[in-house]
1. So, ALA34, is that one of a type in the set (A, V, I, L, M, F, W, C) and closer than 30 Å to ARG149 by Cα or not?
2. Do the conditions hold for ILE128, that is, is it part of a helix (DSSP H, G or I) and either crowded, with 17+ Cβ neighbours inside 10 Å or hydroxyl-bearing (Ser, Thr, Tyr) (or both)?
3. Go through (1) surrounded by 13 or more Cβ atoms within 10 Å (Cβ to Cβ); (2) out of contact with any strand residue (DSSP E or B) (no Cβ under 6 Å at 6 or more places or on another chain); (3) of a type in the set (A, V, I, L, M, F, W, C) one by one and return the number of the condition TRP99 breaks.
4. Considering only region 48-61, I want to know if a residue exists there that is polar (S, T, N, Q) and out of contact with any Gly (no Cβ under 6 Å at 6 or more places or on another chain).
5. Which of the numbered conditions does SER77 fail, given that it passes all the others? Conditions: (1) among the small types (Gly, Ala, Ser); (2) part of a helix (DSSP H, G or I); (3) at pLDDT below 95; (4) crowded, with 18+ Cβ neighbours inside 10 Å.
6. Say we look at region 80-113 and pick out the residues that are assigned to a loop (DSSP other than H, G, I, E, B) and over 15 Å from the mean Cα position of the chain (by Cα); which of these is nearest to VAL32 (Cα to Cα)?
7. What do you reckon, is LYS146 surrounded by fewer than 17 Cβ atoms within 10 Å (Cβ to Cβ), over 22 Å from ALA94 (Cβ atoms) and among the basic types (Lys, Arg)?
8. Taking region 85-96 on its own, how many of its residues are surrounded by 16 or more Cβ atoms within 10 Å (Cβ to Cβ) and over 12 Å from ARG149 (Cα atoms)?
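The values are calculated or read from the model by the stated rules, or taken from the named source; none is laboratory data. Just so it is clear, the structure is predicted and the values come from calculations on it, not from any experiment. Don't worry about glycine lacking a Cβ; one is built from the backbone with ideal geometry, like all the others, and counts go over all protein chains shown.
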Amino acid sequence: MQMPEFTLTRNAYGKLVLTTADGVAHEGVVPVRAFPISAADDGLGMMSTDGHELAWIPRLDVLPAPTRALIEAELASREFMPEIGSIVGVSTYATPSVWTVKTDRGQTDLVLRGEEDIRRLTGNTLLITDSHGIHYLIRDQFALDKPSRKILDRFL
């Protein structure tokens, strides 16, 4: 697999700076995953501030460790998608309803506006969007405990 031809650093303001092989520096670049859920480490574009792709990275693991660390740190600061491990309860089986869920980031309440805010991605993976636009991931709906699956089934 061919290595992308660029260098990546942070400027004094903490912004990523991508310098291409021809020496042109682009400040404020943003890494964007092509498949953020199904193949998070495969296919990543380095985007300019005006939305143009400056570099394509086929896999994160082909990058030198310092470059990979910069990209992973930037992605971690931008991507916030708690993963639901169980559904503790719901306020009502009609929508809108308040769901109490346990996630990989702790227990929280989310407001589900309608059944259409639960989207099937691939196979058994679901994406739930709450009333504030926060996305919650259920990686495998059949891996949830029985009470959680029973609640979820009422909304699917």
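1. Values: of a type in the set (A, V, I, L, M, F, W, C): yes; closer than 30 Å to ARG149 by Cα: yes.
Yes, satisfied.
2. On the way: part of a helix (DSSP H, G or I): no; either crowded, with 17+ Cβ neighbours inside 10 Å or hydroxyl-bearing (Ser, Thr, Tyr) (or both): yes.
No.
3. The single condition TRP99 does not satisfy is (2).
4. Just the residues of region 48-61 that are polar (S, T, N, Q), to begin with: 48-49.
Next, from what is left, pick out any that are out of contact with any Gly (no Cβ under 6 Å at 6 or more places or on another chain): 48.
The answer is yes, given that some residue of region 48-61 is polar (S, T, N, Q) and out of contact with any Gly (no Cβ under 6 Å at 6 or more places or on another chain).
5. Checking SER77 against (1) among the small types (Gly, Ala, Ser); (2) part of a helix (DSSP H, G or I); (3) at pLDDT below 95; (4) crowded, with 18+ Cβ neighbours inside 10 Å, the one that fails is (4).
6. Start the filter on region 80-113 by keeping residues that are assigned to a loop (DSSP other than H, G, I, E, B), which leaves 80-82, 91-96, 104-105, 113.
Then keep just the ones that are over 15 Å from the mean Cα position of the chain (by Cα); that gives 91-96, 113.
Working: SER91: 36, THR92: 37, TYR93: 36, ALA94: 36, THR95: 33, PRO96: 32, ARG113: 28 Å.
If we take residues in region 80-113 being assigned to a loop (DSSP other than H, G, I, E, B) and over 15 Å from the mean Cα position of the chain (by Cα), then ARG113 is nearest to VAL32 (Cα to Cα).
7. Values: surrounded by fewer than 17 Cβ atoms within 10 Å (Cβ to Cβ): yes; over 22 Å from ALA94 (Cβ atoms): yes; among the basic types (Lys, Arg): yes.
Here the answer is yes, as LYS146 does meet what is asked.
8. The qualifying residues number 1.
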